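These notes concern the structure reproduced below.
What follows draws every value from the coordinates through simple rules; no lab data is involved. Nothing here was measured: the structure is a model prediction, and the numbers come from that model. Methodologically, a virtual Cβ is constructed for each residue, glycine included, from the backbone with ideal geometry; neighbour enumeration extends over all protein chains shown.
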Amino acid sequence: MDRPPELPAPSPAEVRQRWRITFAREPVPVEQVGRAGVVAWQAALQSSGLSVAGLEPGGTGRARISIAAPLPAPFAGEAELADLFLLERRLAWQVREALETRLPPGHHWVAAEDVWIGAPPLPGRVVAADWRAELAGAEPAGAPPDGTRLADGVRSLLAARELPRVRAKGGGEKRYDLRPLLIDLSVAGPAVIRFRTRIHPELGSGRPEEVVAALVDASGLELEAAAMTRTGLVLAEDVATGA
């Protein structure tokens with residue numbers, strides 16, 4: 001008996017629009033990040049009614065969305081970024097109405113921008129992150145830090161040629177230099193610091209908790225971060241244009 005002819009595989013659907021979504025995120029339980037976070041985004045997009053690439057008949061079954069940079073569970077984010085790829089063009093208000101009330105738990109809509117489809121992948125364009133840390137003294141609990149010593153500690157870190165640190169990794173320890181990962185640091189209030197950390201493919205990423213730990217060492221103050229917020233992500237094109 002002759003076998004029926006094989007049907008050609010369906011051609012992948014053509015992406016017609018790429019939206020850069022800006023959203024805020026509250027601190028969330030650790031079980032809501034990683035794979036669980038991906039699942040939550042997939043569910044949000046599947047229920048949105050948008051023609052998301054990957055969800056079409058014959059597609060991969062996974063919505064095509066690219067998150068700029070993972071945000072650790074205990075931290076908040078004010079301007080997180082994600083690129084969403086659509087098979088049909090939509091207006092900004094249509095994208096907002098489709099997603100604003102469907103974002104994963106702890107996420108809040110901020111804005112959306114129609115960007116060039118052929119732009120490089122978003123994660124590879126992130127070169128730095130801006131942070132705000134609200135500090136409190138460890139002893140007595142919640143006491144505001146000494147402003148003079150805090151400012152001296154900031155100046156000391158910025159003047160240092162290197163900042164040797166030890167990071168736990170894979171059950172062991174890894175020694176590294178925090179200084180090239182710390183771009184800027186300033187006192188922004190009686191108990192608030194702002195800083196920018198580098199995200200580099202070879203050097204790694206400057207962790208905000210390590211910046212606070214280095215400031216503790218430099219100032220001699222017993223400090224802890226009562227709240228940590230990533231206020232923005234810096235893309236390579238932002239640096240090129242001076243934005």
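Output the relative contact order of the stretch 36-97, whole-number percent, from Cα pairs under 8 angstrom with separation of 6+ residues.
Across the stretch 36-97, relative contact order equals 30 percent.
May I ask for the net charge around residue 198, where only other residues with Cβ less than 13 Å from the Cβ of residue 198 are counted and Lys, Arg are +1 while Asp, Glu are -1?
So the surrounding residues net to -2.
With the Cα gyration tensor of the chain in hand, convert its eigenvalues to equivalent ellipsoid semi-axes via √(5λ) and list them largest first in whole Å.
Equivalent ellipsoid semi-axes, largest first: 42, 19, 17 Å.
In vacuum, with every alpha carbon of the stretch 26-118 counted as one equal point scatterer, what does the Debye formula give for log10 I(q)/I(0) at q = 0.21 Å⁻¹? Two decimals, please.
After summing over all Cα pairs, the log10 values are -1.16.
For the stretch 114-243, what's the relative contact order in percent, using C-alpha pairs closer than 8 Å and at least 6 residues apart?
That works out to 39 percent.
What does the charge count around residue 232 come to, taking other residues whose C-beta lies under 11 Å from its C-beta (Lys +1, Arg +1, Asp -1, Glu -1)? Numbers along the way, then the final one.
Working: positive: 132, 194, 196, 230; negative: 78, 80, 130, 238.
Summing Lys and Arg as +1 and Asp and Glu as -1 gives 0.
Please give the calculated 222 nm ellipticity per residue for the chain, where each DSSP H segment of at least 4 residues contributes -39500 (n - 2.57) and the sum is spread over every residue; nearest 500 deg cm²/dmol?
Calculated at 222 nm, the ellipticity per residue is -6000 deg cm²/dmol.
Which percent of Cα pairs goes in each bin when the distances of the stretch 179-232 are cut into 5 angstrom slices starting at zero?
Reading upward from the zero bin: 4, 17, 30, 28, 13, 5, 1, 0.
Could you list which residues have their amide H under 5 Å from that of residue 223, counting only those 5 or more apart in sequence or on another chain, with H placed in the peptide plane?
Under 5 Å from the amide H of residue 223 lie the amide H atoms of 138, each far enough along the sequence or on another chain.
Given a cut-off of 20 Å, what percent of all Cα-Cα pairs of the stretch 58-191 lie beyond it?
So the portion of pairs separated by more than 20 Å is 67 percent.
Quick one: putting +1 on the C-beta of Lys and Arg, -1 on the C-beta of Asp and Glu, what dipole do you get for the chain around its Cα centre, in Debye to the nearest 20?
Its charge dipole is roughly 380 debye.
Quick check: the distance between the Cα centres of the stretch 177-208 and the stretch 53-67, to the nearest angstrom?
If we compute the Cα centre of each part, the gap is 35 Å.
Please compute the contact order of the chain in relative form: average sequence separation of alpha-carbon pairs under 8 Å and at least six residues apart, divided by the residue count, as a percent.
23 percent
Suppose every K and R has +1 on its Cβ and every D and E has -1 on its Cβ; what is the size of the dipole of the stretch 123-206 about the Cα centre, in Debye to the nearest 20?
In total the dipole reaches around 320 debye.
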